[in-house]
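These notes are about the structure you will find just below.
Since every read-out is calculated from the coordinates, none of them should be taken as a lab result. Given the structure is predicted, the values throughout are model-derived calculations rather than measurements. For neighbour counting, all protein chains shown are included, and Cβ atoms are generated from backbone atoms with ideal geometry for every residue, glycine included.
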Amino acid sequence: MTSYKSAESRFHHMGIPTTQVMPGERYSAAFKMYTSDSPGQFRIQFHRFEEDSPLHPIIQKLPHVAFQVDNLLTAIANKKILLGPYEPIAGYKVAIIDDAGVPVELIQTDLTAEALWRKSSSQEDLDTSGLSI
């Protein structure tokens, strides 16, 4: 666990934009984005965006690191929000902030990585209810 500028956080995953079609992609109609998981040892996701994706350009163009935090609302207080906060998967709250021009995803969840990945692969699309994009 790392404490950085008064926010407790743990590495969760890394997201990398790609233009290549990847095996096992899942589609989000709301974000016009495909997500796939790396088969490697570490939690790496690839994100491929359609041309008219509504997500902020830096989310689409730059890799992001995701950190798990104990309290999402506290962690994003006074930050420039690019997306969220919202709960795309039950029990998994997310926001993406702009950290000096770099997207950083902050996550609050009690789900294990295995439970989260199982839910995300079986859920048809991300729940974006209440989110304006």
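Observations
- Choice from PRO23, PRO103, PRO85 showing the highest fluctuation, given a GNM over the chain with Cα pairs closer than 10 Å: PRO23
- Answer label for Cα Rg over 2.2 N^0.38 Å (calculated), chosen among (1) 1.23; (2) 0.99; (3) 1.52: (2)
- If you count Lys pairs in region 1-129 whose Cα atoms are under 23 Å apart, skipping same-chain pairs closer than 8 places in sequence, the total is 13.
- Gain in span if fully extended, ILE16 to ASP70, counting 0.36 nm per residue against the direct Cα distance: 17.0 nm
- Each Lys or Arg adds one and each Asp or Glu takes one away; over the other residues whose Cβ falls under 13 Å from the Cβ of ARG10, this sums to -3.
- For region 10-46 versus region 77-100, the gap between their alpha-carbon centres in whole angstrom: 17
- Exposure proxy for HIS64, HIS12, HIS56: other Cβ atoms within 10 Å of each Cβ, ordered fewest to most, give HIS56, HIS12, HIS64.
- Dipole magnitude of the chain, debye to nearest 20 (Cβ charges: Lys/Arg +1, Asp/Glu -1, about Cα centre): 280
- With both residues required to sit in region 1-102, DSSP beta bridges show an antiparallel share near 85%.
- Candidates ARG43, ARG26, ARG118: whichever shows maximal mean-square fluctuation once the chain is modelled as a Gaussian network with Cα springs under 10 Å: ARG118
- Local electrostatic count at ILE58 - Lys and Arg +1, Asp and Glu -1, tallied over other residues with Cβ under 11 Å: 0
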